[in-house]
Amino acid sequence: MGKAQSRGRIALFMIGTLLLCLRFDLLRITVLPVITAGLGVIGARELHRMARNVGANYSLALSVVLAGGVVLLGAADLTLYGQLLPVALTGAMIFIFTMQMSRFGIPGALTGISASILALLYVAVPLSLALQILQFDRLFLFFALGLIWTADSGAYFVGRGFGKTKFAPTLSPKKTVEGLLGGVVACCVVALLFIIIVPDVSFNYPMSQILLLAAVIGIAAPAGDLAESVLKRDSGVKDSGHGLGGHGGVLDRIDSMFFCMPIYYGYLRFFVWPWVEL
């Protein structure tokens, strides 16, 4: 119970900080991007720690700098971002290969280069996309994070109370089918309430699309969590880091975002933004 309460306090602190930043424009355009970039830097560092356990040998300094830069790229203009991101990722890949060849040579090159690029694609890009969603409308980012947190909470409490059927015992023994379904249902309920409460002028989109999106997020959130479990088990660590005391590292707390943000961004890019004058 103590651990659950502590997790709840951490979650409340994160939510409170987010709401404060979303409420005030100055914090939204200055503090929030810096916090998000900080999460990307710490996440890249935690991934580096895991990668070193399996023999990867690459520059931590370069990895965290590139990760932070890619995250901050999300603060760019919506129309400019789509042009900048491919160029930035390609340039980052060239830097990574150059550093590997000039400093580390052949030993561990494949794992080192792969891990360094993974820090960008797996950690930095989803956080960058979150900032892009924020550029469009703070309400959409709040909705996305609300669904992700709801999926995590619904799966946790339903799985804890009613979970019996394991669906990925080798990856995460505590995850159950009942918990997964609980997370999906909770997401749909929250999405429905959101549609009812928020005025149409701010969030006027087909209910069928929003509910389908909520269900997909309800599935993608635990999938993101399982993805990080794969990395941790392969590297032989229980937690990605120790920055949050007994609750692991930053990756352990935000891993659900890494699959959900690209999906949510894709929904906006293909079904919402084409009909809105950016």
Q.
If I ask for residues that are part of a helix (DSSP H, G or I) and open to solvent by 30 Å² or more (accessible area, probe 1.4 Å), which ones from segment 39-63 would you list?
A. LEU39, VAL41, ILE42, ARG45, ARG49, ARG52, ASN53, LEU60, ALA61, LEU62
Q) Would a scan of segment 87-95 turn up a residue that is in contact (Cβ under 8 Å) with a residue 40 or more places away in the chain and open to solvent by less than 20 Å² (accessible area, probe 1.4 Å)? A) no
(Q) For the condition free of Cβ contacts under 8 Å to residues at least 24 places away in the same chain, in contact with a helix residue (DSSP H, G or I) (Cβ under 6 Å, 6 or more places away or on another chain) and not in a helix (DSSP H, G or I), what is the one hit in ASP239, ASP200? (A) ASP239
Q: Quick one: count up the residues across segment 105-123 that are open to solvent by 40 Å² or more (accessible area, probe 1.4 Å) and either in a helix (DSSP H, G or I) or closer than 29 Å to CYS260 by Cβ (or both).
A: 6
Q: Check ALA214, ALA220, ALA186 and return the single one that is over 24 Å from ARG49 (Cα atoms) and in contact with a Leu (Cβ under 8 Å, 6 or more places away or on another chain).
A: ALA214
Q. Looking at segment 66-86, which of the residues that are open to solvent by 70 Å² or more (accessible area, probe 1.4 Å), touching a residue at least 24 places away in the same chain (Cβ under 8 Å) and in a helix (DSSP H, G or I) is nearest to TYR265 (Cα to Cα)?
A. THR79
Q.
Given the criteria surrounded by 18 or more Cβ atoms within 10 Å (Cβ to Cβ), part of a helix (DSSP H, G or I) and free of Cβ contacts under 8 Å to residues at least 40 places away in the same chain, does GLY224 qualify?
A. yes
Q) Counting only residues that are among the polar types (S, T, N, Q), within 25 Å of the chain's Cα centre (by Cα) and open to solvent by less than 80 Å² (accessible area, probe 1.4 Å), how many does segment 162-201 have? A) 2
Q. What's the number of the condition GLY159 fails, among (1) more than 21 Å from the chain's Cα centre (by Cα); (2) closer than 25 Å to LEU12 by Cα; (3) open to solvent by 20 Å² or more (accessible area, probe 1.4 Å); (4) of a type outside the set (A, V, I, L, M)?
A. (3)
Q | Odd one out for LYS164 among (1) in a helix (DSSP H, G or I); (2) at pLDDT below 90; (3) more than 28 Å from THR36 (Cβ to Cβ) | A | (1)
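The values are calculated or read from the model by the stated rules, or taken from the named source; none is laboratory data. None of these values were measured; they are calculated from a predicted model. For neighbour counting, all protein chains shown are included, and Cβ atoms are generated from backbone atoms with ideal geometry for every residue, glycine included. The accessibility values were calculated without ligands, DNA or RNA, using every heavy atom of the protein model including side chains. Shrake-Rupley method; radii C 1.70, N 1.55, O 1.52, S 1.80 Å.
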